Amino acid sequence: MLHKLTAGADHPLVIVARGDCTSRRALALNQDLFDRAPTLRQSQKSTFAQLLDSLNGQVLSEEFLHSISDVESMPRTLASYYIGQANREVLNCADADLLMLDSYADMNFSLWRNRAGGPRFWIHPKHLKDRASFLEQHEELGRSTLAESVAQASEFVMRIREIAPELPVLFLNQQVDYYPKLEDRQAEFYQLGALVAEQVPQVFFGGALEYDK
């Protein structure tokens, strides 16, 4: 697949990524695979469910995220990640040559939604502006199960291919052995890419390394 994508290209490759550091570093550490640096459009910290919301017309805005949380009080990295969940660059894919996905967001984030409906989002409870009011108006949906993530990821790929037909997909597993918070979900979600590849054609996956490696 990589040979087909790089050989004889008359313009830089366009790669869209619904992924976090694993997707970004996969490109940074393998620059020798490309004739020239690819164009990367990346959306981080959004689950597949959140991106499906956007495709279904329920758009999460930065203004809303600011309205419920004191972003200024967040450490810089957290603020970037929190606001970044509203980024939808990955949906700008009509000219893309490759879609990259990884497992981190679905593995990690517990989603919320207004009780009246609307787009799903995640929060950092410590930085809510008015916790009592927030809890009154919103309900926690929790984290996706593996089965839900497989179904949502598969649907996302098919929906993206309505914009960019036959777009190949590379699905990477995010290594989280160093992150004790996700220890109880690690073994299960390390199957995510392989399970999506079983359901959707032209999806290629990279597995996780064993801990001692």
_For the stretch 52-126, take N as its residue count and report Rg(C-alpha) divided by 2.2 N^0.38 Å._
1.20
*Any chance you could count the Lys pairs in the chain whose alpha carbons are under 22 Å apart, treating pairs 8 or more apart or on different chains as valid?*
5
*Taking R0 as 25 Å, what's the FRET efficiency between residue 183 and residue 158 from their Cβ-Cβ distance, rounded to 0.05?*
0.20
_Debye log10 I(q)/I(0) for the stretch 1-114, one point scatterer per Cα, at q = 0.09, 0.13, 0.14 Å⁻¹_ = -0.29, -0.57, -0.65
*Between helix 146-163 and the chain: long-axis angle, C-alpha atoms, 0 to 90°, nearest 10*: 60
*Geometric extent, Cα atoms of the stretch 121-213 - Rg, Dmax (angstrom)*: 17.0, 47
_Net charge contributed by nearby residues that have their C-beta within less than 14 Å of residue 155 (K/R +1, D/E -1)_ = -1
*asked:* Residues of the stretch 11-25 with backbone nitrogen within less than 19 Å of a virtual label 7 Å along the Cα-to-Cβ line of residue 141, please, listed as ranges.
replied: 18-19
*Using the heavy atoms of the protein chains and a 1.4 angstrom probe, tell me the accessible area per residue for the chain in square angstrom.*
52
*Across the stretch 79-93, in residue order, what do the Karplus-derived ³J(HN,Hα) couplings come to in whole Hz, using 6.51 cos²θ - 1.76 cosθ + 1.60 with θ = phi - 60° and x for Gly and Pro?*
4, 4, 5, 4, 5, x, 5, 8, 6, 10, 4, 4, 7, 8, 10
*Based on the Kirkwood radius over alpha-carbon pairs, what is the Stokes-Einstein translational diffusion coefficient of the chain at 10 °C with 1.306 mPa s viscosity, in µm²/s?*
88
*Calculated FRET efficiency, residue 129 and residue 35, Cβ-Cβ r, R0 45 Å, to nearest 0.05?*
0.40
*Hydrodynamic radius by Kirkwood, which averages 1/r over all alpha carbon pairs of the stretch 143-197, in angstrom*: 12.4
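The values are calculated or read from the model by the stated rules, or taken from the named source; none is laboratory data. Everything quoted here is computed from the prediction, not taken from an experiment. Here Cβ is always computed from backbone atoms with ideal geometry, including for glycine, and neighbour counts include all displayed protein chains. The area values use the complete protein model at the heavy-atom level, side chains included, leaving out ligands, DNA and RNA. Shrake-Rupley method; radii C 1.70, N 1.55, O 1.52, S 1.80 Å.
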